[in-house]
1. Over segment 749-836, what per residue volume does the convex hull of the Cα atoms give, in whole Å³?
2. Collect residues whose amide H, placed 1.01 Å from N in the peptide plane, falls under 5 Å from the amide H of G100; neighbours closer than 5 in sequence don't count.
3. Residue-wise, which Karplus ³J(HN,Hα) couplings in Hz belong to segment 725-734, taking 6.51 cos²θ - 1.76 cosθ + 1.60, θ = phi - 60°, and x for glycine or proline?
4. Could you give the length gained on full extension between A738 and D230, defined as 0.36 nm per residue of separation minus the Cα-Cα distance, in nm?
5. Quickly work out the R554-to-R109 label distance, labels modelled 7 Å from Cα along the C-beta direction, and quote it in nm with one decimal.
6. Could you give log10 I(q)/I(0) at q = 0.26, 0.28 Å⁻¹ for segment 649-716, computed by the Debye formula over C-alpha point scatterers of equal weight, without solvent?
7. Calculate the spin-label point distance for R89 paired with R42, positioning each point 7 Å from the Cα along the beta-carbon direction, and give it in nanometres.
8. In nm, what is the difference between 0.36 nm times the number of residues separating Q612 and V521 and their Cα-Cα distance?
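All of the numbers you see were taken from the coordinates with simple rules; none came from a lab. Just so it is clear, the structure is predicted and the values come from calculations on it, not from any experiment. Because the Cβ atoms are built from the backbone with ideal geometry, glycine has one as well, and the counts that use them run over all protein chains shown.
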Amino acid sequence: MDSLRRFASRTAPEADLIRRADAELDVLLDASPRERSARIARLHSEEPRLAGLVARLLEAFDAGTARDGLTGAAARQLQLPTPLPAGTRIGAFRLDALLGHGGMGEVYRAHRVDGQFEQRVAIKRMLDTPLLDSAQSARHLAAERALLARLSHPGLATVIDGGLDESGHPWLAMEYIEGRRLDHFVAQRRPAFDARFDLLLQAIDAVGYAHRQLVVHGDLKPANLMVEDDGRLRVLDFGIARSLAEETGHPSRFYTPGWASPEQQAGQAPSTASDQYQLGLIGRWLLLGIDVPGAPAAFAGSAPDAVLAPAQRADLRSVLECCLVDDPEQRYASLALLRQDLVAVRERRPIAARAGERGYVLRRFLQRHRLSTSLGAIALVALCIALAGTAWQARVAAQERDRARLEALRQDALREHLMLIFRDSGVQGSDLNAKALLDASAAQLDTLYADDPELRRRVLLVLAELYFNLQDMTAARALIERYRSQVDESTLLVDQAMAAQIHAMVLLRQGDAVSAEAPLVEAEALAQALPKRASRLRGGILAARASWLRQQGRQEEGLALQEQAVDTIAEAGDAGTLVLGIEQSNLGVGLLQALRFDEAERYLRQALETWQRGGLEDNTHALTTLGNLGTSALLRGDLVAAEQSLREARARHEAGRPETGAYASVLSNLARVRLGLGDADEARSLAEQALAIVQRLTSEGSMDVAGVRLALADIAFEQDRLDDARQLAAQALESMRALVPAGHPLPLRAELALRRVELQRDPSTVSAVEALAQQLATAPPMLARGATAAWLWAAEVHCSAGDDAACRAAADAAATLAQRVPITAMEAVEIRFWQAIAQGRASESADLLSEWSSQGGADYARARALQSWLTRSQTVLPSSGVDAP
């Protein structure tokens, strides 16, 4: 008690803490293991400092190091003999120093003195205890010697000799290991996370080997794990706890508080499951920094956050928690399986500990292979959203509970169907195209589920959503329409609502807003009957309606509803980061279409941050969003920034498999950037790649195909391939008119490209271009920008014909429009250029181009065209004119 008193005399608060800890210790030393754990747990929640001190004192008692500082129960039970002095001979060895002692014995460093050879050893000398007399100790040590002699593994200490000393105490000579206890090693060396991971695997390998020899440890903890200077880990004291438990009949007394498994605390003998539990505690302490009572802090700063992605960290936590479940039967069947899962975490492969979670295996397969399909993003959607009714179905009214149980069983079968497809690919290390796997799965539906049409319907629904997220709208539409044709009164409302939403979104992506209206109305009606917990699905239906409104030209209504959808999904308890990020990105795209660049980019970046928090930063939606940031820069006229973002998005797509609509969009926009920078040849190559992709993924008459054809029409125009430009524009115009209702302004975009070709061939058609500009000026912002271009083309025609008044009127019309519709810096320069020309100030126009060049203006193609026009008009430009990039 003297040492505790000296410590307690420092301050009154500390003295009170020590007195209370000593009182707690008196009670806990006589308590059962479970009572100890329960009491310490309560103390941790109420007074963490007191709990920590009590836990450390308990461990000190079990390690035999607190005999100088304890009174009460501790003093009564700790009656340890005086250690043997250095120089004492035991067998063929002479003792050098005491290394440590505990309630069951002492450990000395010693060296061989029989003259055979030089050797240093660790001598373990057993002592009499209230539970173990000398005869029992001798039998125990003999058993341990025989037991350890069977074990030969680099992670286990080697047994050398043993016997009885002169006083009759049994001893065992073991290989002397130069190193530090794991807890001391961690505190002193602060190893990196990968090194910690390797140490845990080494411990598992050594203990797993012993298990295969039918030997358990029973008292695994950092103090029994020794780390040598080269990083090799050795497990000490194998078999002691088990042998002592068998010898005394008191298995509950031979373990360390804080590290024992629940079954050990309940009085059962240690087992392989107990060793696994203790390894799980060591893993949590070592890798996640989760404190164990009585153990030193494993991390002074951050745990593995900076090393593992969030998804990997979640997997690691799941693996270790699987070791720590109370029921031993629910832990891993062997340490080999535990090791497999830990290695899978490191390699981003699926783990068995989470195999029952919806979409988990699919998600991990996709993250590992980095496919550039939407599959990395859809796992959560496919298996959490497509089956969104499970949680609330479990709480339906009593008369529907049997039906809910049956539904849960069917969902399990569905998960197995999809997991089988992707797990087989992942386990075999295959880099198969995930879409090819889906195609094969879809083709086998009738065969696989011939005797279960209801389950076949459920698989149809999930596959339809998978194809939608793969942006294969043709396949998605075929599957979802097939599913909806089979819906009957037995189909769950949540599935009906989801199917209607998917159907509407597929049609909207194909640009068929007219056909999308019916399933969208149906989804909205069904949503009214859904439980409150289905708010994620409600948010998705709101987002679908928002998309429909924007396609109808009702931009502000659509944006307001999309913002409501984001809020609904963010507040939903059943929403994941994937879905929230998708709708944040969609809101950003809507704002981008409204030319609200700052707001758009804020939501686009929010989406990227959302996915990064969830470990989904490489999903295809994230790459699409990165591409949309480039598109925003393109629309703002910052071609340099646009090219940087779009090339990054392109490279990340191409790191996987770029057969997606998102990749095609990146290529198409990058083509426009290269055209603006004056490289029409590269622009054409990029746009043709994009067209080939969208033609494969969507229908020939889709909006995506029409959009890429317009990019190709602009490129053909700049290359003086006017026949090609006209044909491409006409094809796009035909598709757009077929996809939207009469009077919709969207086809005006294609008509503008067609009028431009006609204007180049026949300047007298300028009046038709100006009439089209007036129509476009009343359209939504994205389309209204076309009016600016049309007015500027008209200004050039009028100035070329010498009609300064008409030229000035056209340039002024563009300037007026710019007051409400954002324009690029180059367009602002061009407006002033034609206004100056119309007023006879050609030198001012030349100065504008020179100033644009000196400030780093990057729209080289248009700037060179204006310079060329001035040259043809016999106007001499200064030598600092625009150069090619």
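1. Details: hull volume 7.1 nm³, N = 88.
Considering the Cα atoms of segment 749-836, their hull volume per residue is 80 Å³.
2. V107
3. 4, 5, 5, 5, 5, 5, 5, 5, 5, 4
4. Numbers: separation 508, 0.36 × 508 = 182.88 nm, distance 7.24 nm.
Once the chain is fully extended between A738 and D230, it gains 175.6 nm.
5. 8.4
6. -1.09, -1.19
7. Modelled inter-label distance: 5.7 nm.
8. On the way: separation 91, 0.36 × 91 = 32.76 nm, distance 3.42 nm.
Extra length available between Q612 and V521 comes to 29.3 nm.
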